[in-house]
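Below is one structure, written out as structure tokens; comments come after it.
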Amino acid sequence: MVVQADDKKELRKVKFNDDDFRKASGTLMRRICVMVAHKDGAIAVRDSKDASKMTLVFNEEEWSVFVKGVKAGEFDL
């Protein structure tokens, strides 16, 4: 899948607030986790310990492919 540069620019225009982000309850006891927000067709991911770091933004198709890969064990170490 190829995401056009213009599409990425549009995704980055979506403004996320701190209240938009959530993290899985299973990560509450871990020190390393991410927070995810879904808004207006954009999915944002950021570091839960340092929200000032860069937020990554994906479209719904990119996110869906990533989640399928996670469930299939593609990223297991």
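The values are calculated or read from the model by the stated rules, or taken from the named source; none is laboratory data. These numbers come from a predicted model, not from an experiment. Please note: Cβ atoms are built from the backbone with ideal geometry, for glycine as well, and neighbour counts cover all protein chains shown. Each accessible area value is taken on the protein alone, full model and side chains, heavy atoms only, with ligands, DNA and RNA left out. Shrake-Rupley method; radii C 1.70, N 1.55, O 1.52, S 1.80 Å.
Listed values, structure above:
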quantity: Subset of region 30-77 (residues that are more than 21 Å from Leu11 (Cα to Cα), at pLDDT 90 or above and open to solvent by less than 60 Å² (accessible area, probe 1.4 Å)); calculated: Gly69, Gly73
quantity: Every pair of residues 6+ apart whose Cβ atoms lie under 8 Å, when the first sits in region 62-77 and is more than 13 Å from Ile43 (Cβ to Cβ) while the second is assigned to a helix (DSSP H, G or I); calculated: Phe75/Gly69
quantity: Residue list for region 34-55, restricted to those being among the polar types (S, T, N, Q) and farther than 14 Å from Asp18 by Cβ; calculated: none
